[in-house]
Amino acid sequence: MLVITRKAGESIVISDNVEVCVLEAVGDKVKLGINAPREIKIIRSELKIAKETNEQSAKVSDAGLKQLLNKGKQEEN
């Protein structure tokens, strides 16, 4: 991980086509502006983590599915 210090009004450039600008820094919050081509997807990391967690939660293993089905059959009898 590269760690640098920037002030409001300063920026960094990534791969010649993505610019991250520090727009404002107040207390423990920093407001960033990102200039990038439209085809580059930019999302907040907590949204990506939540999406991955939801996807993992939605997956049911074959063994787990069989166990649920068997449990349902046993309750019917």
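Read the figures in this text as sums done on the coordinates, not as results from a lab. Because the structure is a prediction, the values reported are computed rather than measured. Positions of Cβ are generated from backbone atoms using ideal geometry, with glycine treated the same way; all protein chains shown enter the neighbour counts.
For the reader, a short list of remarks on this structure follows.
- Over the chain, relative contact order from alpha-carbon pairs under 8 Å, at least 6 apart, %: 16 percent
- Loop-located GluC sites (Glu not before Pro) in the chain (DSSP state other than H, G, I, E, B) with a sparse environment of at most 16 neighbouring Cβ atoms within 10 Å: E10, E39.
- Taken over the chain, the ratio of Cα radius of gyration to 2.2 N^0.38 Å equals 1.99.
- Sites V18 and E55, calculated FRET efficiency, Cβ-Cβ separation with R0 25 Å, nearest 0.05: 0.40
- Sum of -39500 (n - 2.57) over DSSP H runs of 4+, divided by residues of the chain (222 nm, nearest 500): -12000 deg cm²/dmol
- Folded to 0 to 90 degrees: helix 62-76 orientation relative to the chain principal axis, Cα: 40 degrees
- With the simple spin-label model, which puts each label point 7 Å out from Cα in the Cβ direction, the D62 to S11 separation comes to 5.2 nm.
- Pairs of Lys residues in the chain are counted when their Cα atoms are under 22 angstrom apart and they lie 8 or more places apart or on different chains; the count is 10.
- Helix 45-58 vs. the chain, principal-axis angle (Cα, 0 to 90°, nearest 10): 10 degrees
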